[in-house]
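Trainee: Take a look at this one; I'll ask things after.
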Amino acid sequence: MDKKELAEFLRHRRKALRPRDVGLVEGPRRRTQGLRREEVAQLAGMSTDYYARLEQQRAPQPSVQITTALARALRLTLDERDHLFVLIGHNAPARFHRSEHVSPTLMRVLDRLDDSPALVQTDLVDTLAMNPLAVALLGDQTRHTGLARSGFYRWFMDPAERLVFPEETHERHGRAQAARLRAALKAGSDTPRAAQILAELQEHSHEFVRMWELQEVAQRYDDCKTILHPELGRIDVDGQALFTENRAQTLVVLTTRPGTESHSKLELLSVIGHRQLTP
């Protein structure tokens, strides 16, 4: 516990807030800059004396529950909350929060992307939303149900999932799927479901077991890949990922390099959509 840094951090965050920021009435004769100590204590559900001692570097280490209450009372961002936990000497909570509701921020971005395939996925690679160009390129990934909603599960259990990628990339892609599942299993938004997917794959996929035993772990989205479109053939894309603040959802945007054959194919696909090019 870094008492000096903690005291300074709490004091500055308290002074940065106004009563109206936290739903309190601001009187006409108020002279205090920011919130008063007793107001923070009230919001956090602790005694004013204990909070004062935190700012005076005289208090014992707060519990995880008190630390969480302080972060909420001071309206900290996730980065600030994590910093508070570190200063107090606790491990920061996982940032994931499972939700089937697509982040409004990501949806606003998705709605404005009409020249690049884009899709919103969870950390278990459940596809929650796709723009029309992503559907034309990859097919409708939102139609799946049950465990098959997860791209991890489909890669090892549904042969049709692999038709989108060249065979020479299957090994690398499969290892990436296993590595990302390992990350989701320990620090993901839905660890019970991740464990269920793991159990099914370990029982039914020898390939998955081989890759799982490599003990690889990763959260990174595969930046560069080749997509096989049934009529346009190979399309090389670069992937960029935009995360929600709690990293529960990811907006994946696929782009092609201007002047390339892949770029021309994607432009053509944006015009024709998912209609067949040949009879």
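The values are calculated or read from the model by the stated rules, or taken from the named source; none is laboratory data. Here the structure is a predicted model, which is why all the values come from computation and not from measurement. Cβ: placed from backbone, ideal geometry, glycine included. Neighbour counts: every protein chain shown. All accessible areas refer to the heavy atoms of the entire protein, side chains included, with ligands and DNA or RNA removed. Shrake-Rupley method; radii C 1.70, N 1.55, O 1.52, S 1.80 Å.
Trainee: Between VAL86 and GLN56, what length comes free when the chain is fully extended (0.36 nm per residue of separation minus the Cα-Cα distance, one decimal in nm)?
Mentor: Additional length available on full extension: 9.0 nm.
Trainee: If you work out percent of Cα pairs over 24 Å apart from the coordinates, which of (1) 48; (2) 61; (3) 53 do you get?
Mentor: It is the value labelled (2).
Trainee: Here is a follow-up. What net charge do the residues around VAL109 carry, taking every other residue with its C-beta under 15 Å from that of VAL109, with Lys and Arg at +1 and Asp and Glu at -1?
Mentor: -2
Trainee: Additional query: According to the square roots a ≥ b ≥ c of the eigenvalues of the Cα gyration tensor, what is the shape class of the stretch 3-88, taking rounded for a/c under 1.5, prolate for a/b larger than b/c otherwise, and oblate for the remainder?
Mentor: Judged from the Cα gyration tensor, the stretch 3-88 comes out prolate (a/c at least 1.5, a/b above b/c).
Trainee: Apply 1/(1 + (r/R0)^6) to the Cβ-Cβ distance of LEU268 and VAL102, taking R0 = 30 Å, and write down the FRET efficiency to the nearest 0.05.
Mentor: It comes to 0.60.
Trainee: Another question about this same structure. Compare TRP212, TRP155 by solvent-accessible area with a 1.4 Å probe and give them largest first, with all protein chains kept in place.
Mentor: Sorted descending by solvent-accessible area, the residues read TRP212, TRP155.
Trainee: A follow-up question, please. Just tell me which lysines come within less than 22 Å, Cα to Cα, of LYS225; anything on the same chain fewer than 8 places away is out.
Mentor: LYS265
Trainee: Then there's this: Express the carbon and sulfur contribution to the solvent-accessible surface of the chain as a percent, rounded to the nearest whole number, probe 1.4 angstrom.
Mentor: Working: 7520 of 15010 Å².
Here it works out to 50 percent.
Trainee: Cross-link partners among lysines for LYS15, C-alpha distance below 29 Å, same-chain residues fewer than 8 apart left out?
Mentor: LYS3, LYS4
Trainee: Using a 1.4 Å probe, what is the accessible area per residue for the stretch 104-277, in Å²?
Mentor: 51
Trainee: Gap in Å between the Cα centre of the stretch 46-118 and the Cα centre of the stretch 1-19?
Mentor: 15
Trainee: Let me ask something else about it. Could you derive backbone 3J(HN,Hα) for the stretch 80-87 from the dihedral phi with the Karplus parameters 6.51, -1.76 and 1.60 (θ = phi - 60°), listing whole Hz in sequence and x where the residue is Gly or Pro?
Mentor: Computed from phi, the couplings for the stretch 80-87 are 5, 4, 4, 5, 4, 4, 5, 4 Hz.
Trainee: Mind pulling the angle between the C-alpha long axis of helix 64-73 and the longest principal axis of the chain? Nearest 10 degrees, somewhere in 0 to 90.
Mentor: 90
Trainee: Grab the beta carbon distance between SER47 and LYS186, set R0 = 30 Å, and tell me the FRET efficiency rounded to 0.05.
Mentor: Numbers: r = 37 Å, r/R0 = 1.22.
Between SER47 and LYS186 the formula returns 0.25.
Trainee: Something else: Label the stretch 117-199 by shape, choosing from rounded, prolate and oblate, from the square roots a ≥ b ≥ c of the eigenvalues of the Cα gyration tensor; if a/c is under 1.5 it is rounded, and otherwise prolate applies when a/b is larger than b/c, oblate when it is not.
Mentor: Cα axes put the stretch 117-199 in the oblate bin.
Trainee: Per-residue HN-Hα couplings for the stretch 103-111, Karplus 6.51 cos²θ - 1.76 cosθ + 1.60 at θ = phi - 60°, whole Hz, x for Gly and Pro?
Mentor: Calculated HN-Hα couplings, in order: 3, x, 5, 5, 5, 4, 5, 4, 5 Hz.
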